[in-house]
Amino acid sequence: MSEKNIAIASAYYEAMNKKDLGKLATFLHADVRLIGPMAEVHGKEAVLNSVKHFSALFESLSIRERFGLGDKAVIIYDVAFPLPIGLSRGSSLLTIEEGKITRVELFYDARPFEKKRDEIFSKLG
């Protein structure tokens with residue numbers, strides 16, 4: 001079970017790196033929750049909207065490590081942004097049920113992103 005969930009979580013972040021929202025959407029449960037240091041959003045469309053705005057800001061995302069146990073997967077990643085942000089390191093704890101991501105909890109230093117908060121988590125498409 002955990003190997004399958006690690007593969008799903010990895011594919012989700014690989015789609016994010018490619019900025020392929022269509023592919024990314026296939027991994028998300030309709031009632032997915034995204035929880036992070038700057039905001040919490042609920043529902044597939046709200047999460048996709050946040051990912052869309054976030055992915056517009058970065059240049060690349062690379063997975064450094066991945067592991068999991070049971071219905072959980074952890075992805076450790078680096079995200080390259082234009083200056084003044086530069087390299088941002090983060091991790092995600094994902095819960096995967098019946099092949100769909102139901103929860104994503106983000107861990108990263110939010111200070112460099114404070115000025116972009118409203119842009120990333122906007123409710124507008």
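Tabulated data for the structure shown
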| item | result |
| --- | --- |
| Meets criteria (outside any helix (DSSP H, G or I) and buried (at least 17 other Cβ atoms within 10 Å of the Cβ)) for Val51 | no |
| Boolean, Ala80 is under 22 Å from Met1 (Cα atoms) and modelled with pLDDT of 95 or more | no |
| Neighbours by Cβ (under 6 Å, 6+ apart or cross-chain): first from the range 37-52, under 16 Å from Phe107 (Cα atoms); second charged (D, E, K, R) and part of a helix (DSSP H, G or I) | Met38/Arg117 |
| Residues of the range 1-24 satisfying the condition of being farther than 14 Å from Ile96 by Cα, in a loop (DSSP other than H, G, I, E, B) and touching a residue at least 40 places away in the same chain (Cβ under 8 Å) | none |
| Residue count for the range 78-105, restricted to those that are assigned to a strand (DSSP E or B), more than 18 Å from His53 (Cα to Cα) and touching a helix residue (DSSP H, G or I) at 6+ places or on another chain (Cβ under 7 Å) | 3 |
| In the range 103-115, residue modelled with the lowest pLDDT [restricted to those that are among the charged types (D, E, K, R) and farther than 18 Å from Gly43 by Cα] | Lys115 |
| Qualifying positions in the range 25-48 - part of a helix (DSSP H, G or I) and under 18 Å from Glu98 (Cβ atoms) | Ala25, Lys44, Val47 |
| Hits in the range 57-77 - residues which are assigned to a strand (DSSP E or B), of a type in the set (D, E, K, R) and more than 16 Å from Glu14 (Cβ to Cβ) | Lys72 |
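Residues checked against (1) modelled with pLDDT of 95 or more; (2) on the phi > 0 side of the Ramachandran plot; (3) more than 16 Å from the chain's Cα centre (by Cα); (4) surrounded by 14 or more Cβ atoms within 10 Å (Cβ to Cβ):
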{"site": "Ala73", "(1), (2), (3), (4)": "yes, no, no, yes"}
{"site": "Pro84", "(1), (2), (3), (4)": "no, no, yes, no"}
{"site": "Gly90", "(1), (2), (3), (4)": "yes, no, no, yes"}
{"site": "Ile101", "(1), (2), (3), (4)": "yes, no, no, yes"}
{"site": "Arg117", "(1), (2), (3), (4)": "no, no, no, no"}
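The values are calculated or read from the model by the stated rules, or taken from the named source; none is laboratory data. Here the structure is a predicted model, which means the values were calculated and not measured. Positions of Cβ are backbone-derived with ideal geometry, glycine not excepted, and every protein chain shown enters the neighbour counts.
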